[in-house]
Amino acid sequence: MTEQELRAIIFAELRKVAPECDPATLAPDENIREALDIDSYSFLRVLVGLNEKTGVDIPESDYGKLSTLETMLAYLMARLP
């Protein structure tokens with residue numbers, strides 16, 4: 001999977017919980033939850049969706065490592081099967 005494909009998956013999952021958002025406008029180091037005004041439950045739904053689409057297990061202890069687009073991409077790319 002390429003970074004562009006992964007980015008498209010992330011954007012699709014973000015749009016599921018915040019349909020009015022445009023994830024492409026996110027700065028790479030911007031906090032996703034704050035920028036899109038999504039709560040912790042919605043963010044968990046994003047992470048579950050990412051797990052289902054990529055096959056990457058994301059333990060609860062790592063949730064904080066996925067707060068920006070940049071860290072989310074790096075985390076998932078490093079762990080893709």
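Each value in this text was obtained by applying a stated rule to the coordinates, not by laboratory testing. Keep in mind that this is a model prediction, so the values were computed, not measured. Heads up, the Cβs are rebuilt from the backbone with ideal geometry, glycines too, and the neighbour counts pull from every protein chain shown.
Points to keep in mind about this one:
- Rounded to the nearest 20 debye, the dipole magnitude of the chain is 240 debye, with +1 charges on Lys and Arg beta carbons, -1 on Asp and Glu beta carbons, and the Cα centre as origin.
- Calculated from the structure at hand, Cα extents along the principal axes in Å is found among (i) 70, 30, 24; (ii) 37, 22, 17; (iii) 31, 25, 21 as (iii).
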